[in-house]
Amino acid sequence: MKNLLEPSISALRRILWKGGAHTKRELSDLTGLSIATVNAALNDMNRTGEILAAGARHGGAGRTAQLYRANEAFSPVLAAHVDIDRGARVLVRAVLSVTGRVLDRDETRLPELDGATLVRLIGDWRRSHPESAQASVGIPGIVAEGVVSHCDLPELDGMDIVSDLERELGVPALAANDMHLKAYGFFRELGDAKKTVTLANFPMGVRPGTATIANGAVVTGAGQFAGMVGFIPAGTHGALTAPDPEDFSKPCPELVAHALAAVVTALNPDIILCTGGLLDEDAALEQVRYMLEQWIPKEFVPHLERRDDLENCYLRGLLARALDARLSDPLSIGRLAPEEGSRI
């Protein structure tokens, strides 16, 4: 019976994971499922503890309707990401509810962080939060077929991170490039599946990179190299060659605009969210916008935004990728020990 209900349960999850409480009638209208199917699916979800009663909505003539919401303590996601800050390795670990609430979070700074240490530290976090049903990890490098390469932390290159994590944690795991996850988190924040969005990172002294979401998916290219605009040839040394990392130092608005022009002409995004030390002021972004409008017809120049802190986008992307995987293969996610609940 549960296998037959899984598609209906997944449809309800898509609604309830957005947060808020709904009646059976509302869930039926939002999903297109019959009231009887909604009732059967809610009974199953209530029995396992996945949903909670959330009061009642009072209608006319003394009528009331029970409200239901996702149980934020049920099968949360263990999220982690690795970064570099002034040479130190920074590991952020979090536990996220299915609705996106941060249930717990910590941050550890280390002089170095090899693969075994990373897996052990994430394993310690999982042992502190045994209710976690999945692990979702962000890496500042390419992750293809679960293996890390071209990482800003060279000690992680060659690591089979997904297999190592699943062996240590005992739950499904996924790992992805940090820019891809931040871009996907920003895309989900906007809430418009039709939009094409680009995240562009312009740190000082490092080749910039971009990540684009089109048709709801990350544009990765054949080798996960799509978006590496720092390698686009420019006349920085009197010849058309790829800029050196140190060329990306303030001020270099023309190099930044040159990189974004490549994104606009290739992918035509609706919006580009910029971050990084090269664009740490709105005036710098306006200078880049002006250059783009000199080269590209104005109607095709996307909306440009700037943010200094993308942590919320990062965590949202880590969660969204995990929940996407849960919806695509719900039976692979170990549920908490079911407790008998009342029928609803």
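Nothing in this text is a laboratory measurement; each read-out follows from the coordinates by a stated rule. None of the values given here were measured: they were computed from a predicted structure. Cβ: placed from backbone, ideal geometry, glycine included. Neighbour counts: every protein chain shown.
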>> Can you give me the distance in nm between label points at Glu107 and Ala193, each placed 7 Å from the Cα along the Cα-to-Cβ direction?
In response: 3.5 nm
> Dimensions of the chain along principal axes (Cα, Å, largest first)?
Replying inline: 76, 49, 32
> segment 21-90: percent of C-alpha pairs farther apart than 21 Å?
Replying inline: 44 percent
> Which lysines have a Cα lying under 26 Å from the Cα of Lys194, excluding residues fewer than 8 positions away in the same chain?
Replying inline: Lys18, Lys182, Lys298
> Taking amide H positions as placed 1.01 Å from N in the peptide plane, with prolines and chain starts having none, which residues 5 or more places from Ala54, or on another chain, fall under 5 Å of its amide H?
Replying inline: Leu67, Tyr68, Arg69
> Tell me, what HN-Hα J-couplings in whole Hz come from the Karplus equation 6.51 cos²θ - 1.76 cosθ + 1.60 at θ = phi - 60° for each residue of segment 191-197, using x for Gly and Pro?
Replying inline: x, 10, 5, 7, 7, 9, 10
> Order of 292-300, 194-202 by packing, highest average Cβ count within 10 Å first?
Replying inline: 194-202, 292-300
> Suppose every K and R has +1 on its Cβ and every D and E has -1 on its Cβ; what is the size of the dipole of the chain about the Cα centre, in Debye to the nearest 20?
Replying inline: 1680 debye
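Once you wrap a convex hull around the alpha carbon atoms of segment 183-306, what is its projected area averaged over all directions, in nm²?
With every direction weighted equally, the projected area is 7.5 nm².
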>> What is the sum of charges, Lys and Arg at +1 and Asp and Glu at -1, for the other residues whose Cβ falls under 12 Å from the Cβ of Ala70?
In response: +3
>> Rounded to whole Å, give me the distance from the Cα center of segment 1-75 to that of segment 144-186.
In response: 34 Å
> For segment 279-322, what mean projected area does the convex hull of the alpha carbons give, in nm²?
Replying inline: 4.1 nm²
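In whole percent, what relative contact order does segment 20-85 give with Cα contacts below 8 Å and a gap of six or more residues?
Taking the mean separation of contacting Cα pairs over the length of segment 20-85, I get 32 percent.
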> What are the ³J(HN,Hα) values, in whole Hz, obtained from phi via the Karplus relation 6.51 cos²θ - 1.76 cosθ + 1.60 with θ = phi - 60°, for each residue of segment 249-257 in sequence order, with x given for Gly and Pro?
Replying inline: 10, 5, x, 8, x, 5, 5, 5, 5
>> Give me the dipole magnitude in Debye, nearest 20, for segment 77-171 about the Cα centre, with unit charges on the beta carbon: positive for Lys and Arg, negative for Asp and Glu.
In response: 380 debye
> Thinking of segment 77-171 as a set of Cα atoms, what percent of all their pairs are more than 23 Å apart?
Replying inline: 20 percent
> Highest mean first, what order results for 157-163, 315-321 on Cβ atoms within 10 Å?
Replying inline: 315-321, 157-163
> Kirkwood Rh, Cα Rg: Rg to Rh for segment 206-252?
Replying inline: 1.08
> Could you give the dipole magnitude of segment 156-239 about its Cα centre, charging the beta-carbon of Lys and Arg +1 and that of Asp and Glu -1, in debye to the nearest 20?
Replying inline: 440 debye
> Rounded to whole Å and sorted largest first, what semi-axes of the equivalent ellipsoid does the C-alpha gyration tensor of segment 75-121 yield via the square root of 5 times each eigenvalue?
Replying inline: 23, 12, 7
> Just how far, in whole angstrom, is segment 244-266 from segment 109-135 if you go by their alpha carbon centroids?
Replying inline: 36 Å
>> Charges on Cβ only, +1 for Lys and Arg, -1 for Asp and Glu, centred on the Cα centroid of segment 77-171; of Ile139, Ser149, Ala80, which one is farthest towards the dipole's positive end?
In response: Ala80
